[in-house]
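The values are calculated or read from the model by the stated rules, or taken from the named source; none is laboratory data. Not measured: the values here are computed from a predicted model. Note that each Cβ is placed from the backbone with ideal geometry, even for glycine, and that neighbours are counted across all protein chains shown.
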Amino acid sequence: MAMNAEYDKLIQIGRPPNITRRFPHSKALIVSGKVIDRALLAKGKAMTIAANGRNSFIIRGALQAAQRADAALIIEIARSECNYCPVNFYNIAMHVDVLCNELGITVPVAVHADHYGIKSEIDLPFARMEIPSIFDAGITSIAVDASHMPDDMNLLANIELNTFIPDWAGLETEVGEIKGDMGLSTVEDASFLIKGLNAHGIHPDWIALNNGTSHGLEVSGLGIQVDLTTGIHNAIAPYGVSGAQHGTSGNSSDKLRAIAENTNTTKANVATALQMISWGVEVNDYGNAILDTDGNFKKIKDQGMSEEMWERMTALAAKNGWKGGNYKNLNLPFDNFLHAQDRAIRDRMSKGVEDFVYDILTKVFNAEGTASLAKEAILQAGSYDLGPKGKKIEDPAEWTREMIIKRAKTLTTDKGPEGDFDD
């Protein structure tokens, strides 16, 4: 990895303390999620990909694409994905670090624990133990997702767990599951969450909304509701919170381009599309896999994994009755087999991801050049810790536990049907 004095300084001052402890001799510029957010804001009308690294081929390809595009990058894994993928909270930073050093990657990369789900108060004791542990493992950014619970419990869970998240780390909070066009987020419930956090001195970098996304929205033609998103972002603008876009699958490039241009979104999750591309499955502009006349995925010859491996994979899927989105369960049992393939095949798996991500970063998300902006932000701050964007506005006396519960009763409680939290 080619070094210069400026990059050496970035390595010295830009890596958070958990990263310097975990990888003391590394030259990978793994940074706080705050750094990535600031870089996209500095460019304006831009967001970057938060690539769900379900396998190492995806991580490799995304890193290479970001290097080509000079784009700040987020590599993430959701809590649920840790159950069926070889990549998890405890090894994802290691994957990123090893690949950055191997490939000579010099763009800043944040490692994000996505959808750290809290579905009830019963989950809180384990979370208090686990969150510090995943930061020990190299996580530099986290999404606390307690949006499955009522609004007051969501806010209270975020407040309680914030104690266990380093101040320097990227922080995402959420008010909506991925539920299609029902149970959409509103200005009221987003403001409730952000104002309540602000009163307790908590300043999230991102808020994820339920703004009309779900898999398969290509069929309905609805997709992300840009005007709804813009209205909510404008309402919470005084609190310095950017948007995180979930559920990008099923939305066209034009729709995603509109989100980048017309809202305050700086982070966009992409999961299933990257998995399919690494395997060699054909996807359309919406990021959805293209099906044949029998409703099966279409594997592109000489792309992704070998044809023999694809036959073995689809045979196991058929045996287990896995179809559509449940193909995700093939990640873990096939990881060793995918790595056992010839180097040329492994390389083309990553190359497919690289080309896809590069096009998104440069032609859709307007992220080109943001790696340099992220480096400038670190050098200007002289630290890995860029501090909060927001300042305290709300009166803590108006946001005690009792007041939070009372205020929540004035909010609309219809949250719509259950959603899909992986993408």
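Residues in segment 32-70 that are among the aliphatic types (A, V, I, L, M), touching a strand residue (DSSP E or B) at 6+ places or on another chain (Cβ under 6 Å) and either assigned by TED's automatic domain parsing to the domain that holds N329 or not in a helix (DSSP H, G or I) (or both): M47, I49, A50, A51. Just give me the residues in segment 314-341 being aromatic (F, W, Y) and either under 15 Å from G53 (Cα atoms) or in a helix (DSSP H, G or I) (or both), in sequence order. Correct list: Y327, F334, F337. The set of residues from segment 354-383 being more than 25 Å from I13 (Cβ to Cβ), of a type outside the set (A, V, I, L, M) and crowded, with 20+ Cβ neighbours inside 10 Å comprises E354, F356, Y358, F365, N366. Checking every residue in segment 44-66 against the condition of being over 17 Å from A260 (Cα atoms), at pLDDT 95 or above and surrounded by fewer than 20 Cβ atoms within 10 Å (Cβ to Cβ) gives zero matches. The sole residue among N288, N331, N284 that is under 20 Å from G61 (Cα atoms) and in contact with a Cys (Cβ under 6 Å, 6 or more places away or on another chain) is N331.
Looking only at segment 356-366, decide whether some residue is assigned by TED's automatic domain parsing to the domain that holds G53 and not in a helix (DSSP H, G or I). Yes: one or more hits.
Name the residue that is surrounded by the most Cβ atoms within 10 Å (Cβ to Cβ), counting only residues in segment 109-129 that are in contact (Cβ under 8 Å) with a residue 12 or more places away in the chain and over 16 Å from the mean Cα position of the chain (by Cα).
So, considering only residues that are in contact (Cβ under 8 Å) with a residue 12 or more places away in the chain and over 16 Å from the mean Cα position of the chain (by Cα), the one surrounded by the most Cβ atoms within 10 Å (Cβ to Cβ) is I118.
Please find, within segment 300-353, the residue that is surrounded by the fewest Cβ atoms within 10 Å (Cβ to Cβ) out of those that are aliphatic (A, V, I, L, M) and free of Cβ contacts under 8 Å to residues at least 12 places away in the same chain. The residue in question is A344.
Within segment 235-254, which residues are surrounded by fewer than 24 Cβ atoms within 10 Å (Cβ to Cβ) and over 13 Å from L209 (Cβ atoms)? Matches in segment 235-254: A237, P238, Y239, G240, S252, S253, D254.
So, in segment 281-297, exactly how many residues are part of a loop (DSSP other than H, G, I, E, B), within 27 Å of the chain's Cα centre (by Cα) and loosely packed, with under 14 Cβ neighbours inside 10 Å? Qualifying residue count for the region: 3. Of all residues in segment 140-164, exactly one satisfies the criterion of being surrounded by fewer than 21 Cβ atoms within 10 Å (Cβ to Cβ), touching a strand residue (DSSP E or B) at 6+ places or on another chain (Cβ under 9 Å) and outside any helix (DSSP H, G or I), namely H148.
With respect to R38, determine if the residue is out of contact with any helix residue (DSSP H, G or I) (no Cβ under 9 Å at 6 or more places or on another chain) and either modelled with pLDDT of 95 or more or crowded, with 23+ Cβ neighbours inside 10 Å (or both).
Working: out of contact with any helix residue (DSSP H, G or I) (no Cβ under 9 Å at 6 or more places or on another chain): no; either modelled with pLDDT of 95 or more or crowded, with 23+ Cβ neighbours inside 10 Å (or both): yes.
Against the criterion (out of contact with any helix residue (DSSP H, G or I) (no Cβ under 9 Å at 6 or more places or on another chain) and either modelled with pLDDT of 95 or more or crowded, with 23+ Cβ neighbours inside 10 Å (or both)), R38 does not qualify.
Filter segment 238-255 down to the residues that are over 15 Å from the mean Cα position of the chain (by Cα) and more than 19 Å from L193 (Cβ to Cβ) and list them by number. If the condition is that a residue be over 15 Å from the mean Cα position of the chain (by Cα) and more than 19 Å from L193 (Cβ to Cβ), then G250, N251, S252, S253, D254, K255 are the ones that fit.
Restricting segment 179-234 to residues that are in contact with a Phe, Trp or Tyr (Cβ under 6 Å, 6 or more places away or on another chain) and modelled with pLDDT of 90 or more leaves a set whose member that is farthest from I142 (Cα to Cα) is A199. For segment 372-386, a residue qualifies if it is of a type in the set (G, A, S), touching a residue at least 60 places away in the same chain (Cβ under 8 Å) and farther than 15 Å from V109 by Cα, and the qualifying residues are G382, S383. Tell me whether segment 113-121 contains one or more residues that are in contact with a Phe, Trp or Tyr (Cβ under 6 Å, 6 or more places away or on another chain), closer than 23 Å to A408 by Cα and not in a helix (DSSP H, G or I). Among the residues of segment 113-121, at least one is in contact with a Phe, Trp or Tyr (Cβ under 6 Å, 6 or more places away or on another chain), closer than 23 Å to A408 by Cα and not in a helix (DSSP H, G or I), which makes the answer yes.
For the condition more than 21 Å from K267 (Cα to Cα) and either of a type in the set (V, I, T) or not assigned by TED's automatic domain parsing to the domain that holds H25 (or both), what is the one hit in I131, I105?
Details: I105 fails: more than 21 Å from K267 (Cα to Cα).
Going through I131, I105 in turn, the sole match is I131.
Inspect all residues belonging to segment 115-126 and state whether any of them is in the same structural domain as A273 (by TED's automatic domain parsing) and over 15 Å from L161 (Cβ atoms). No, segment 115-126 contains no residue that is in the same structural domain as A273 (by TED's automatic domain parsing) and over 15 Å from L161 (Cβ atoms).
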